[in-house]
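*Asks:* Supplied in structure tokens, the structure appears directly below.
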Amino acid sequence: MFAYPPEADSSMRKDLCAESPSVSHNDSDWLGVYRAAAMEFDRDKLPASIEVAEKAIHQRLRGLPIAHSKEHRKLKEALNSLAVLKRML
């Protein structure tokens, strides 16, 4: 997963997010809020969006039976991307 800087072009963000393969229901729960945070342009709303995404990701991580699965790696990458966004605020 990628984090997008606030100044990134919205069409670039949409194109990159669309590249993700189909996901399961549990995957889409965290992925939807992660994408919303990654695509948030309003700097005043971004901290709350990041917090919601982080909570959803941590909840999904707790629900995974295997810590070294492909989804686990995707979740960790998403958390790292959100950390980058936080530092840009």
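*Asks:* Within 10 Å of each candidate Cβ there may be at most 13 other Cβ atoms; applying that plus a DSSP loop requirement, which trypsin sites (Lys or Arg not before Pro) in segment 33-65 survive?
*Replies:* Arg43, Lys45
*Asks:* ³J(HN,Hα) across segment 34-44 via Karplus (A = 6.51, B = -1.76, C = 1.60, θ = phi - 60°), whole Hz, x for Gly/Pro?
*Replies:* So the J values, rounded to whole Hz, are 5, 4, 4, 5, 5, 9, 6, 8, 7, 5, 6.
*Asks:* Here is a follow-up. Give the lysines reachable from Lys45 as a straight Cα distance under 20 Å; neighbours fewer than 8 places away on the same chain don't count.
*Replies:* List returned: Lys14, Lys55, Lys86.
Every number here is computed from the coordinates shown, using simple stated rules; none is lab data. Note that the structure is a prediction, hence the values are computed from the model and not measured. As a convention, Cβ positions derive from the backbone with ideal geometry for all residues, glycine included, and neighbour counts pool all protein chains shown.
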